[in-house]
Structures are given as C-alpha cells and as structure tokens.
Amino acid sequence: MKNRNPIWDFFTSVKLALFTLFFLATTSVIGTIIPQKESAQWYIDKYGETTANLFQILSITPDMYTSGWFLSLLGLLCINLITCSVDRFPGVWRQIKADNLDIPLARLEKMDPQFCWQLPTPPASTASTLKNDLRVRGWKAEERTLANGLLLFAQKGAMTRTGVYIVHASILLIFAGAIIGSSFGFKASVMLPETRTTDTVYTFDTHSSINLGFEIRCDRFNIEFYDNGMPKAYRSQLSILEKGKVVIEKAIVVNDPLSYKGITFYQSSYEPYQEFLVTITDKKTGLNETAIIPYKQQQNFTENGLRLGIINAEAQGQSVSRMKIWLTDDKGEPSLFWLTDGEQVTVERATTKYAVSAKQMYATGLQVAKDPGVWVVYSGCALMILGLIVAFFMSHQRIWLYIREETGGTSSILMTGNANKNKAGFEKIFQTLTETINKV
C-alpha cells in the first residue's frame, strides 16, 4: 500500500471534523449566552472587572464571531471538508460508475438476501420477460451473456452515494456567501426625520458614513399607542429618489421592509421631537401650505397670511396626544382650539374657512443592510436540505438476477442484491420484487 502523507491524513480525519464541530457548537453557545457588541463598561457592570477582562483576553467580547480563533476554527472546518471530499470522493465515484455486471458468480451466491426459483422458458426468453417486468416496476436492467448463463443487473439511487458530499458543498457555499456578505455588504442605521431626505447611513461598528448612491425620504411617520401609553404599532412612509425624482414609494412596518438596489431598509425605532407638522388649507382658494413649527413658537404662513403657534400640549410620555393651537389672520380675534394629534378641524375666520391638521413630528429609525451574499447562503441552505435528504433517507440499491439453463430448456434464476444503507428497508423491497416477478 502506498504510504500516505501524515499531514494529509490529519486534515482528512473524521476526528478533526468532530473536534472542530464540537468546539464551534460549544463556543457558539457561549456567544449566545454572553451578549455581543456591548461596551467595555457594560461587561464590567454585568460580570465584574476580572471576568470582563478575561472575556476580552479570550476574545469572547465584544464580538466573538469575528475573533481570530473563531474564524480559524471555521477555516479549519473548511479545509477538513475540502480535503475529505478530495480524498474520498474518487472512490465513491468509482463505485457509482463501476461495471456491476463484472462480478464473480461466487460472490453473488454468498449475498444476502437472495431468492431462487425456476421458470419453464429458456434463458433468453426468461431474461427478456424479467427485464420487462423489472422496467414496469422502475428497475432498468442491463444484460450480459456469460459462459454458462445470463446475468441481469439493475440499480436505483447510485448518485445517492454523493449525499454527504452535497452537504460538504452546501456548508462551503454558506461560508462563501457569508464571506461575500461581510466583504461587500454592510449593516448600518440612520435616524431620518419626517419630510427630510438623506443619501448617507452610518455603520453599526465604526459609525463611518456610507453613501447609498440614491436618496431616501421619510414622507410621514405614524404611531399607535395602547391605553397605557405604550407604543402599539408604527409605520414609515418612505420614498426613494433618483436625481430628485421619486422612483419607489412604500409604507414599511416591522418585518415588512423596503428594498432597492440590493439595500434593505427595516423599521426599527423612532424618536419624538418637540416640533409639529402643521398643514393649513384655505377652503375658499384651495391654497395649501405645510410648515414645521417648534413648540410654543409662532410661525408665519406666508402664502395664507396666517400666524400660528402651539401654546399647549397633552402627552403620554414623550408622545403628544392633543395640542392647543393659536391662529390668526389679523382679521378679528385669534382662534383658540384643541386638536387631536393627526386629526383635522375646520376653523372659521371672517372671510374664509381653514382646514387645519397637525401632528407631532417624529424621526424614523431605520436599520439598513446590504448583503450581496444572502442568495448564496440561501442556495447553500437549500443544497444542504437536499444533501441531508439524500444522505439520510435514500440509498443505493442493486439487484442481480443470474439465469442458468437447466435440463429440458428451462431456466433457474438466482436473485440477490444489496443496499449501502437501510438494509431492513431494502429487504422489504427485495421481498416485494420476488413475490411479484416470481409469478411471471
């Protein structure tokens, strides 16, 4: 036997695979239990200075999954999978492509399970009948003439021997997708006030700016509250602009993001301001004007010739439920009225009527992600499911039928077979075949 390279044997060993998987699983559990990406002071407050320093020395915090030793474990697993596949797959391929009709008869006679019977037809006719009967049952048989008879062979699931290598390939594909995502993608955030536009977001880790290549605008933010003042649901009406023109609009909520050019915007948070969006419409002329008004400051509406201020407000926490508005057009006494947040009222003045609506101004908190490797990861996951199904639930099944001519022109048949997995299941299939083709 040719001497094997000990280094090659090390990287192809199953023990190395088990060791790597065990430590990856164990450390992943640790990384799940210990929160990641928190500040150094947070770990000191939570676990104490000594333990926090130990975590930092072992690179468990602030982000264990990007530490050198964890990435080394992943790299070692990749090397192990590749070398195992390169080392063992050629032998498996030879089994798949083997000439199964070139098998000693003595070996067939020793196989289990097996079944023998006789038919009153000559070997050639018997072989033709059996091949047709097998084909009806999903077994395509090959035939070869031997010195003392005929040999038929049929198989199913030869390619199922590759199941484990499909799983290997899927893991490598998932890792490749993760590398593509981390190398060419980003995770960022932005706090975008209503009516404002931005083309820049900021990464989570370094807070560096990233230019999107287009603009995003928050047209409106709406929030609903429970009776106790806790937020119930909130949504942002967003617009994507290219060269100043709106190309897409969508209202996003949690778990229903907006995607554009491979960049996805998720609704994640909000921030209330002490400013209000006020819209006034002159019902006589149809003139409409919107302005942002700070709390307890007067605002001039130049088009309508109005002055308006929010002089009081009722709130639940930081969110205003209704506000008291002062409005005048210098024609008579100013109008004072309460307005529920987000609703509209009609205000009568000396010469016209105004439709007034107002709402507290918010900024929507968006998480922004670009992951060009996500479809590679999804493909790897789909491939893994396929590989696991093939590896655990399918087998390579083979049957041989040796037909020998007996005295008087009759035929004796020896039927045998095997499967590389699920022997009990194959025996049931074999028994069913013998019970049906024996009746030919």
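Computed from the coordinates by the stated procedures, all read-outs in this text should not be read as laboratory data. Just so you know, these numbers come straight off a predicted model, no measurement behind them. Here the Cβ is made from the backbone with ideal geometry for all residues, glycine too, and neighbour counts use every protein chain on show.
Assorted remarks:
- Gain in span if fully extended, E271 to K140, counting 0.36 nm per residue against the direct Cα distance: 40.3 nm
- Between S183 and R322, the C-beta separation translates, for a Förster distance of 35 Å, into a calculated FRET efficiency of about 0.10.
- Taking 0.36 nm per residue of sequence separation and removing the Cα-Cα distance, the I96/D256 pair yields an extension gain of 52.9 nm.
- Separation in nanometres of the label points that stand 7 Å from Cα toward Cβ, at L336 and E242: 5.4
- Order of I437, I311 - criterion: other Cβ atoms within 10 Å of each residue's Cβ, fewest first: I311, I437
- Placing pseudo-labels 7 Å out from each Cα toward the beta carbon at L287 and T352 gives an inter-label distance of 0.5 nm.
- Using R0 = 22 Å, the C-beta based FRET efficiency linking L386 and L21 works out to 0.60.
- Footprinting exposure proxy for M191, M64, M159, M415 (fewest neighbouring C-beta atoms within 10 Å first): M159, M191, M64, M415
- Residues H207, H168, arranged from fewest to most other Cβ atoms within 10 angstrom of their Cβ, appear as H207, H168.
- A dipole drawn for the range 1-110 from +1 and -1 charges on Cβ atoms has a positive end, and of P6, S39, L18 the residue lying farthest that way is P6.
- Within the chain: Cβ-based charge dipole about Cα centre, in debye rounded to nearest 20 (Lys, Arg +1; Asp, Glu -1): 1560
- Residue-count net charge about S335 - beta-carbon cut-off 13 Å; Lys, Arg +1, Asp, Glu -1: +1
- Quotient of C-alpha Rg and 2.2 N^0.38 Å, computed over the range 6-88: 1.37
- Spin-label model distance (nm) - N300 vs D87, 7 Å beyond Cα toward Cβ: 8.4
- Measure of compaction for the range 3-151 (Cα Rg per 2.2 N^0.38 Å): 2.01
- Nearest-ten-degree value, helix 374-393 long axis tilted from longest Cα axis of the chain: 30
- Cβ-Cβ FRET estimate between D199 and T51, R0 fixed at 60 Å, reported to 0.05: 0.90
- Rounded to the nearest 20 debye, the dipole magnitude of the range 268-392 is 100 debye, with +1 charges on Lys and Arg beta carbons, -1 on Asp and Glu beta carbons, and the Cα centre as origin.
- Stretch gain in nm, segment A424-L105, where the contour uses 0.36 nm per residue and the Cα spacing is subtracted: 112.4 nm
- The range 312-440: relative contact order in percent, alpha carbon pairs under 8 Å with at least 6 residues between: 11
- For the options G425, G380, G417, a Gaussian network treatment of the chain with springs between C-alpha atoms closer than 10 Å singles out G425 as fluctuating the most.
- Over the chain, volume per residue of the alpha carbon convex hull, in Å³: 270
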